[in-house]
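These notes are about the structure you will find just below.
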Amino acid sequence: METGKSNIEVNERRKRIIFVLKVLAYFTFLVLQETIEPDKNILFSKLYNIVDALAFLLSGNILVSLGRIFLVRFYLRKKKINSLHSNFVLGINRIASLLNVIIFLIAIMVFFDIDPKEFLSSITIVAAAIALLSRDYIINMLNGLIIMFSDQITLGDYIKVGEHQGKIQDITLLNIVLLNDDYDLVMVPNSLILTANVVNYSRQNIRKLTFDFETTNHSRLNVDEMENKLKKIITPYKEEVHSGSLSLKALDIRKDIVRMKLQVQLNSQSRESEKKIQRIINQSIINLTGEENK
């Protein structure tokens, strides 16, 4: 976590240098505004509009950057002792990006001599229609901000959402990017994260593996015997599996099949150990159910 924090601090130092350059550029444009006389000719008028738009763009960007730097600096100082939760920094950066886009659009209006207030009032009906059509998109963005400023999930956590599970690589305003066990990137919409049941394995002190399977229902089926066989199979792997944690029970008994549930507790959060035990138990279940069906 210290490495993550140092990386964020390095990025913040670089952004502060860029901030100083923006301030210098802004004062340069202010000087140009004073020296250019737009009434002389059309060329000077166009040049003045360009300088005016750039000055507005930089002033807005500087204010946003100043607020972002202050909030992130305050956060990093506060978290000197506590664990790093980089979602906060991520959320502030996303909001800053949104504000910069709005400022850029207003700067374009300034360049074309369009009054932003008159423009917005003239497209009120159109804006309302656009907002209505993009309702789901806006809700998804708001959900993304809620996730970023919450402490329930963060970058690097290993979670399960519905049928998808993996390590969180990125959190955007639209979705969460997961890297699954097959090393595929899966995009999960933020709205699904807030409405579905999410299991955060990284926040659990106890890591369990669960296996659901079916076997043929017949008179020779013995659950206790099957459980003992599975316990013997995982006995050599005491470093990975908590001894005595394996439990097997019947969930549903039908005429032809019995639905079984097997649970085992791991000793570590290592993904490699988890995959290893998962593979061993899966193969053992296949072998045992095959023997029962003979």
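Taking Cα atoms, how many degrees apart are the long axis of helix 271-293 and the longest axis of the chain, rounded to 10 and kept between 0 and 90?
The answer is roughly 40 degrees.
Non-local amide H neighbours of Glu214 (under 5 Å, H modeled in plane, Pro and chain starts lacking H): which ones?
Met260
To the nearest 500 deg cm²/dmol, what mean residue ellipticity at 222 nm is calculated for the chain from DSSP H runs of n ≥ 4 alone, each contributing -39,500 (n - 2.57), summed and divided by the residues?
After summing the helix terms and dividing by the residues of the chain, the value is -19500 deg cm²/dmol.
What translational D, rounded to a whole number of µm²/s, comes out for region 207-293 from Stokes-Einstein when the hydrodynamic radius is the Kirkwood one over Cα pairs, at 10 °C and 1.306 mPa s? Mind dumping the intermediate values first?
On the way: Rh = 13.3 Å.
Taking Rh from Cα pairs, D becomes 119 µm²/s.
What angle, in degrees between 0 and 90 and rounded to the nearest 10, separates the Cα long axis of helix 223-234 from the longest principal axis of the Cα atoms of the chain?
60
Hey, what angle do you get for helix 124-133 against the long axis of the chain, alpha-carbon based, 0 to 90 degrees rounded to 10?
In the chain, helix 124-133 runs at an angle near 10 degrees to the longest axis.
Taking Cα centroids, how far is region 151-170 from region 216-257 in Å?
Using only Cα atoms to place each centre, the spacing works out to 30 Å.
Report relative contact order for the chain in percent, whole number only (criteria: Cα-Cα under 8 Å, sequence separation at least 6). The partial results should precede the final answer.
Numbers: 336 pairs, mean separation 33.1, N = 294.
Computed over the chain, the figure is 11 percent.
Can you work out the base-10 log of I(q)/I(0) for region 106-188 at q = 0.10 1/Å, using the Debye formula on its C-alpha atoms alone?
The Debye formula, applied to the Cα set alone, gives -0.44.
When only C-alpha pairs under 8 Å and at least 6 residues apart count, what is the relative contact order of region 133-288, in percent? Show your work: numbers first, answer last.
Details: 234 pairs, mean separation 28.2, N = 156.
After rounding, I find 18 percent.
Reported to two decimal places, what Rg/Rh ratio describes the chain when computed on Cα atoms with Rh from the Kirkwood expression?
That ratio equals 1.19.
What is the set of long-range amide H partners of Lys208 at a cut-off below 5 Å, with H atoms built 1.01 Å from backbone N?
Leu266
What relative contact order, as a whole-number percentage, does region 215-293 give when Cα pairs under 8 Å and 6 or more residues apart are counted?
So the answer I get is 37 percent.
So what are the radius of gyration and Dmax for the Cα set of region 158-202, in Å?
Gyration radius and largest Cα-Cα distance of region 158-202: 9.4, 25 Å.
Residue-wise, which Karplus ³J(HN,Hα) couplings in Hz belong to region 188-201, taking 6.51 cos²θ - 1.76 cosθ + 1.60, θ = phi - 60°, and x for glycine or proline?
10, x, 4, 4, 5, 4, 7, 9, 8, 6, 10, 9, 9, 5
No lab work stands behind these numbers, since they all come straight from the coordinates. Given the structure is predicted, the values throughout are model-derived calculations rather than measurements.
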